[in-house]
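The values are calculated or read from the model by the stated rules, or taken from the named source; none is laboratory data. Worth saying up front: this structure is predicted, and the values here are computed from it rather than measured. Quick reminder, even Gly has a Cβ in these numbers, built from the backbone with ideal geometry, and neighbours come from all protein chains shown. With ligands, DNA and RNA removed, areas are computed over all heavy atoms of the protein, side chains included. Shrake-Rupley method; radii C 1.70, N 1.55, O 1.52, S 1.80 Å.
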Amino acid sequence: PDENKSKCLAVKSGSFTSDVTELANINLIQTPIRIVGGNNIKTHSFIEVSKRSPVYAPMDTELKGGANYYETMGSQPVTKVQYLLSFNEGCDLNFWLDHIVDVPDKIKNAFPVEPRNDSQSVEVETLNIKAGELIGYTNQEGSARFDFGALNLKGPQTSLTSDPRFKDNPIVKTSNKYRYATCPYDLYDAAKQK
């Protein structure tokens with residue numbers, strides 16, 4: 001364990017080196033942290049693209065978990081199997097991408113054969129993924145969208161942990177996703193952030 005910690009990279013600007021999708025296709029980026037519908041907390045970014053677009057790994061990393069599932073919510077249900085992909089570089093930086101379809105076989109084969117009816121995460125056999133490697137595509141034509149979230153487990157903690165409306169919420173108190181979410185775009189260097 002100590003040997004692994006000595007190999008850890010600091011979570012900082014420049015940790016992400018590859019664009020997560022084709023920048024020319026992006027219509028909208030919704031940054032975290034936001035409250036939807038009064039009390040639904042979203043700790044991840046939301047990216048809308050103008051057409052079906054490839055999704056790439058933003059850094060050298062390991063796929064550690066996620067879910068393959070059917071999403072039937074909303075006015076335009078996605079009938080393909082979607083993937084929630086959870087990555088970890090072995091230390092304090094975790095990130096995830098959700099609503100991904102048509103993943104490469106090496107990713108598809110890491111998940112259970114039968115998709116779930118929910119996006120509850122499972123652990124998978126660890127896969128090494130390189131920065132810029134194709135990990136799938138956005139989930140539909142037109143206003144295709146996907147989620148992009150990141151955690152810095154060294155902190156600082158999010159504003160949710162001190163906000164009077166949310167600080168006593170049990171999920172905010174116990175879930176790393178709500179305590180240590182960070183803006184994934186802050187993990188790109190200044191040039192890529194532009």
GNM flexibility winner over the chain from Ala181, Ala150, Ala110 (Cα, springs under 10 Å):
Ala110
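Which percent of the Cα-Cα distances in region 22-69 go past 18 Å? Show your work: numbers first, answer last.
Values: 594 of 1128 pairs.
For region 22-69, the fraction of Cα-Cα distances above 18 Å is 53 percent.
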GNM on the chain, Cα springs under 10 Å; top mean-square fluctuation among Pro184, Pro170, Pro58 goes to Pro170
On the Cα set of the chain, report Rg and Dmax in Å, please.
16.4, 50
Computed ³J(HN,Hα) along region 14-23: with the Karplus parameters 6.51/-1.76/1.60, θ = phi - 60°, integer Hz and x for glycine or proline, the list is x, 4, 8, 10, 10, 4, 7, 7, 6, 4
For Arg179, solvent-accessible area (1.4 Å; no DNA, RNA or ligand), Å²
60 Å²
With each label point set 7 Å from Cα along the Cα-Cβ vector, what nm distance links Glu62 and Val113?
2.7 nm
With each pseudo-label sitting 7 Å past Cα toward Cβ, what's the Asn128-Ile26 distance in nm, one decimal?
2.9 nm
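So what is Rg over Rh here for region 103-194, counting just Cα atoms and using Kirkwood for Rh?
Working: Rg = 16.8 Å, Rh = 16.5 Å.
Value, to two decimals: 1.02.
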Listed pairs Lys42/Lys64; Lys130/Lys154; Lys106/Lys130 exceeding 20 Å between Cα atoms:
Lys42/Lys64; Lys130/Lys154
Gained length - Ser121 relative to Ser13, 0.36 nm times residue gap less alpha-carbon distance:
36.1 nm
Which FRET efficiency value, to the nearest 0.05, is calculated for Ala191 and Cys91 with the Förster distance at 25 angstrom and r the Cβ-Cβ distance?
0.50
